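Below: one structure, written as structure tokens.
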Amino acid sequence: MIKPEDRDRILDACRIEEVVGDFVSLTRRGTSYVGLCPFHAEKTPSFHVTPSKNICKCFGCGEGGDSASFIMKHEHYSYPEALRYLAKKYGIEIKEEEQTPEEIKNYNEREKQFSVNNYAKNYFIEQLLQTEEGRNIALSYFKQRGYDNKTIEKFQLGYCPKSKDSFTQEALRNGYNIDTLKDAGLSIIKGDNDYIDKFRERVIFPIQNISGRTIAFGGRIMSSGQNEKTAKYINSPETLIYHKSDVLYGIFLAKSAISKQDKCYLVEGYADVLSMHQAGIENTVASSGTSLTTEQIRLISRYTKNITIFQIIRNCSFIVAFTMFIIRS
């Protein structure tokens, strides 16, 4: 069995345009590529490859997915076979071993956290866009900050209601275990059947790993009536799948632009990343309040050796000043 860390290394290394390009003749169209779909007969190209999202999709027959999904469909491989193919393509050595009960348990716990985080992300998006509270409090806040609908959708922004445990109760009704919610940093247990949503009454910034899976969240408080001890911003705690010093906010959405422009802009927080991307500067990521770590530099160095660090001073939603440094590693 392929270890989870090897699977993640394989998927992180894949560039969808390279994987699909081995089988389909692609033509660049803006920031994407198009070609004739390999899964159904067509004369006009409807198969789109989007490097920034690392996915492909045919708008004719509906087939699509990430690199592994494409190989599975095209070559009629199982998921492990597709991973082995991609590992060979990118020169990644994998060691397949029989898993111990402890390893199986750890893998299952990781997958539970990925699953509940994805559920939470969708719940927060729904609360933002489809509830009166979300639209009046959170969506209006994002609009006041100058973020347009495209940016809100691109970064999958959301909102957790002010009710003490509305998210937790909804997750429990949908089959998620309270221990999984606690371990993922989404719920706080105060006593028997007494739960608190960690991100209640906050706008939500989902944090993705380099493969695009949701691993954590950042939240900004909305209520002006909170006491001084209430943190303006909070993040998910360290978990099995989230280690803050290893992560850069926005890396999944920025990696294609970073590689193309051979430069990465590093800013401090979520809002800075959103503003830069909306301004068309998509090769931007954030350290989210941490000092720049060796692991973060290594992550960026997969795509460029050039890092420009911005210190941004804001006036409303406009960048008015910055300090710039260059790091070469």
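Could you work out the local net charge near Gly280, counting Lys and Arg as +1, Asp and Glu as -1, over the other residues with Cβ closer than 15 Å to its Cβ?
Values: positive: Lys150, Lys154, Lys260, Lys263; negative: Asp148, Asp272, Glu282.
For residues surrounding Gly280, the net value is +1.
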Please build a GNM for the chain, connecting alpha carbons under 10 Å apart, and tell me which residue among Ala138, Ala41, Ala257 fluctuates the most.
-> Ala41
In Hz, Karplus ³J(HN,Hα) per residue of the stretch 235-250 (6.51, -1.76, 1.60; θ = phi - 60°; x = Gly, Pro) = 10, 4, x, 4, 9, 4, 10, 10, 10, 3, 6, 9, 10, 10, 5, x
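Going by average Cβ density within 10 Å per residue, which order do the peptides 17-26, 269-278 take, highest to lowest?
269-278, 17-26
Can you tell me, using C-alpha contacts under 8 Å and at least 6 residues apart, the relative contact order of the stretch 243-308 as a whole percent? Write down the numbers at each step before the final one.
Details: 102 pairs, mean separation 30.3, N = 66.
That works out to 46 percent.
Counting only protein heavy atoms and using a 1.4 Å probe, what share of the accessible area of the stretch 146-300 belongs to carbon plus sulfur, as a whole percent?
On the way: 2830 of 6720 Å².
Carbon and sulfur together cover 42 percent of it.
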For the stretch 109-151, give the magnitude of the charge dipole about the Cα centre (Cβ charges: +1 Lys/Arg, -1 Asp/Glu; no others), in debye to the nearest 20.
-> 180
Okay, which of the stretch 49-86 sit inside 14 Å, backbone N to the point 7 Å along the Cα-Cβ direction of Tyr107?
-> 79-81, 83-84
Mind checking which of Pro38, Leu157, Ile189 is farthest towards the positive end of the chain's charge dipole, using Cβ charges of +1 (Lys, Arg) and -1 (Asp, Glu) about the Cα centre?
-> Leu157
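How much length is gained if the chain between Arg298 and Gln144 is pulled fully straight, taking 0.36 nm per residue apart and subtracting their Cα-Cα distance, in nm to one decimal?
On the way: separation 154, 0.36 × 154 = 55.44 nm, distance 3.58 nm.
Net length gain for the segment: 51.9 nm.
Need one number: convex hull volume per residue for the stretch 136-244, Cα atoms only, in Å³.
Working: hull volume 14.6 nm³, N = 109.
Dividing the Cα hull volume of the stretch 136-244 by its residues yields 134 Å³.
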GNM result for the chain, Cα springs below 10 Å: residue of His40, His243, His74 fluctuating most strongly | His40
Per residue, how much accessible area does the chain show when a 1.4 Å probe rolls over the protein heavy atoms, in square angstrom?
-> 51
The farthest towards the positive end of the charge dipole of the chain, of the residues Ser115, Ile94, Asn283, given +1 on Cβ of Lys and Arg and -1 on Cβ of Asp and Glu, is Asn283
Using a 1.4 angstrom probe on heavy atoms only, work out the carbon and sulfur share of the accessible area of the stretch 72-136 in %.
-> 46
With +1 on the Cβ of every Lys and Arg and -1 on the Cβ of every Asp and Glu, the dipole magnitude of the chain about its Cα centre, in debye rounded to the nearest 20, is 1120
Run the dipole for the stretch 1-89 about the Cα centre, Lys and Arg Cβ at +1, Asp and Glu Cβ at -1, nothing else charged, and hand back the magnitude in debye, nearest 20.
-> 160
For Lys154, go through the aspartates and glutamates and keep the ones whose alpha-carbon is under 15 Å away, minus same-chain ones fewer than eight residues off.
-> Glu126, Asp272, Glu282
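Which FRET efficiency value, to the nearest 0.05, do you get for Lys162 and Asp22 by plugging their Cβ-Cβ distance into 1/(1 + (r/R0)^6) with R0 = 51 Å? Can you show the working numbers first?
Details: r = 51 Å, r/R0 = 0.99.
Using R0 = 51 Å, I get an efficiency of 0.50.
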Between Thr230 and Arg213, what length in nm is gained on full extension when 0.36 nm per residue of separation is reduced by their alpha carbon distance?
-> 3.2 nm
Choose one answer from Gln130, Gln113, Gln261: the residue with the largest mean-square fluctuation in a GNM of the chain with alpha-carbon springs under 10 Å.
-> Gln130
Long-range amide H partners of Cys264, meaning residues 5 or more apart or on another chain whose placed amide H is closer than 5 Å, are Asn306, Ile307, Thr308
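Please state, as a whole number in µm²/s, the translational diffusion coefficient that the Stokes-Einstein equation yields for the chain at 10 °C and 1.306 mPa s, with Rh defined as the Kirkwood radius across alpha carbon pairs. Please list the in-between numbers first.
Working: Rh = 21.4 Å.
Reported coefficient: 74 µm²/s.
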Can you work out ³J(HN,Hα) from phi for every residue in the stretch 257-265, in order, using Karplus 6.51 cos²θ - 1.76 cosθ + 1.60 and θ = phi - 60°, giving whole Hz and x for Gly and Pro?
-> 5, 4, 5, 5, 8, 6, 7, 10, 9
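The values are calculated or read from the model by the stated rules, or taken from the named source; none is laboratory data. Values in this document were obtained by computation on a predicted structure and should not be read as measured data. Note: ideal-geometry Cβ built from the backbone for every residue, glycine included; neighbour counts use all protein chains shown. These accessible areas exclude ligands, DNA and RNA; they are computed on the full protein's heavy atoms, side chains included. Shrake-Rupley method; radii C 1.70, N 1.55, O 1.52, S 1.80 Å.
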